[in-house]
Amino acid sequence: MTTTGSVAVAAPADTRRTEPRVLSRSTTFGLVSAALVLVFASSGSPIPLYNTYRVADGIDDAALAATTVT
């Protein structure tokens, strides 16, 4: 920023245009596929723990079934 008398004048902005980065179709497909696999794997990982929690908390099968329905 330069000063001309009592008025501050800003330097000209950088007017170069940058093109957005575009990924190839195969790279995008691979990234989206990996994200979906990660989501499905993480959502399915607690399922084997239900029996462990049921035994530790003393919950019978009927109560566990009722909580999953309601």
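Between residue 66 and residue 29, full extension at 0.36 nm per residue minus the direct alpha carbon distance yields a gain of 9.3 nm.
Using only the alpha carbon atoms of the range 10-70, find the Kirkwood hydrodynamic radius as the inverse mean reciprocal pair distance, in angstroms to one decimal. Answer for the range 10-70: a Kirkwood hydrodynamic radius of 16.8 Å.
Every read-out reported here was derived from the displayed coordinates using simple, explicitly stated rules and does not represent laboratory data. What you see is a predicted model, and the numbers here were worked out from it, not measured in a lab.
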